[in-house]
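The values are calculated or read from the model by the stated rules, or taken from the named source; none is laboratory data. Small disclaimer: the values here were computed from a predicted structure and weren't measured. Counting neighbours? That spans all protein chains shown, and the Cβs are built from the backbone with ideal geometry, glycine included.
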Amino acid sequence: MIGRDLILKNTGWVVGNGESINIWEAPWLSLEEKRRPMGPPPLAQLNMKVVHLLQPNRQDWNIEEIRRVLPQEEETILSLKPSKTGAPNKLIWLGTTSGEYTTRSGYKTALKEQNANLEDPLATDINWVRYIWKIETAPKVKLFLWKVFCAALPVGSNLAARNITNSTLCNLCNTTESTNHLFLQCNFAQKVWSLAPFSQSVDVRGLVDLASCWHSLCTLECLPPSGVSGQLAPWILWGIWLARNNLIFNNKQSSPEEVISSAISAAREWLSEQVKTPTLTPTPLPRETRPPHTTVVYSDAAWQADRRTAGLGWTIREDNSTTQRMSHCYFVASPLVAEGLALREAMTDYVARDTRRLHCNTDSLILFNALKSGTPIAELYGILADIISLSSAFEHFSISWIRRTYNKEADALAKQALLNASVVPAPYRA
């Protein structure tokens, strides 16, 4: 039930046709946070839907109506790109770019909402992938490090914060035991670090927070005689933790020399058993066969962040002729949305020409994967729905990803279109 409430608090609507979304009640203004227009609404607009803010043909937003109903949200609404082919609205999870819920994103969102009063807070400034999950150490040590930086180790301060014990003293020095104290500030830990065979001397006495200095400790290199070619710092933390537990549960005292010797030995043993997997040479994708007399389109986009304007360009190759076209669009939220708009415009152009066979090329790998494998992308929902709907109008439709170097003509057209869009037209000016 907690998971259900979490999902209810962190879902929003992405606009398709706008028919089922109440302007005032449903969160539809953002794909990142639960956001709706501020009320209270006028009585005459109480049941107004998002579709009422679209033009009668539903091809674009009705700017005059937006300014009449929600003038303060004009730019936000114009940045949303609804479906032109009438795709249904979609309820999405706001914690991922795909709009789909994952346990990982749910866990991350739940942690943000948790108001735990711990002495050792969650270390949010750590590069978890680089300095926890991808360092060269044993999986059990990686899991241990995750617990260290998530305040999940049963040290005295964490146990007391959870009302598990009243004793918060360190068994090595009789000082309050926190994560930072155990691994940095305790005299025992400082002696262990001073014995580490690093190529440069390390003095942890001036370090206060383990999370802030962890990336520096991970990058320290060991002297060649030690036989450790990878990171030694994780094994040192592991050794200090084992020594602490050995004292508490077995009443056996370890010396700093024994801890650092055990850490070096464990690191060397683990590294020696690792087998390097040979790098595989990627094989090129097979060229897609196309039926004769297929129109080939190359599309691209250029995007300017400060103006949130996109230039769209596409070239058409039919038999022995080549045609160039370009357009521009305002209030575009990202370069990926611009790429999607360019492809949609090119396809719309050729649906009107009654072309029977169409092959599209794009240099956006994300857009290509979204269309080829059905990978959902929340900000492209309406655009992708339109592209899929338009593709059904052709007898044969296919799409390929190409390198940017093979898409120079469309790229040049897109950049020229962006230059032509230097002035915002009157309908968009307040």
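Listed by first and then second residue, the pairs with beta-carbon distance under 6 Å, at least 6 apart or on different chains, first residue in the stretch 230-242 and within 11 Å of Leu220 (Cβ to Cβ), second in a helix (DSSP H, G or I) and small (Gly, Ala, Ser), are Leu232/Ala267; Ile236/Ala263.
Restricting attention to the stretch 199-225, which residues are farther than 26 Å from Ala152 by Cβ and buried (at least 17 other Cβ atoms within 10 Å of the Cβ)? If the condition is that a residue be farther than 26 Å from Ala152 by Cβ and buried (at least 17 other Cβ atoms within 10 Å of the Cβ), then Cys222 is the only one that fits.
Here Ile240, Ile260, Ile248 are screened, and the one residue that is loosely packed, with under 14 Cβ neighbours inside 10 Å and of a type in the set (A, V, I, L, M) is Ile248. Output the residue which, of all residues in the stretch 380-412 that are closer than 11 Å to Asp300 by Cα and small (Gly, Ala, Ser), is surrounded by the most Cβ atoms within 10 Å (Cβ to Cβ). Per the stated criteria, the residue is Ala410. Residues that are of a type in the set (A, V, I, L, M), assigned to a loop (DSSP other than H, G, I, E, B) and touching a Lys or Arg at 6+ places or on another chain (Cβ under 7 Å) are absent from the stretch 32-46. Once the stretch 1-51 is narrowed to residues that are more than 18 Å from Ala378 (Cβ to Cβ) and of a type in the set (Val, Ile, Thr), the residue that is surrounded by the most Cβ atoms within 10 Å (Cβ to Cβ) is Ile23. Please list, ordered by residue number, the helices (runs of 4 or more DSSP H) wholly in the stretch 80-165 having 1 or more residues that are in contact with a Ser or Thr (Cβ under 8 Å, 6 or more places away or on another chain) and modelled with pLDDT of 90 or more. Because the criterion is at least 1 residues that are in contact with a Ser or Thr (Cβ under 8 Å, 6 or more places away or on another chain) and modelled with pLDDT of 90 or more, the helices (runs of 4 or more DSSP H) in the stretch 80-165 that meet it are 139-149, 156-161.
Applying a threshold of 8 Å to beta carbon distances and a minimum spacing of six or more residues, or different chains, the list of pairs starting in the stretch 197-210 at a residue that is in a loop (DSSP other than H, G, I, E, B) and ending at one that is among the charged types (D, E, K, R) reads Ser199/Glu221. Scanning the stretch 317-343 for residues being of a type in the set (Lys, Arg) and either within 16 Å of Ala417 (Cα to Cα) or surrounded by fewer than 16 Cβ atoms within 10 Å (Cβ to Cβ) (or both) gives a total of 1.
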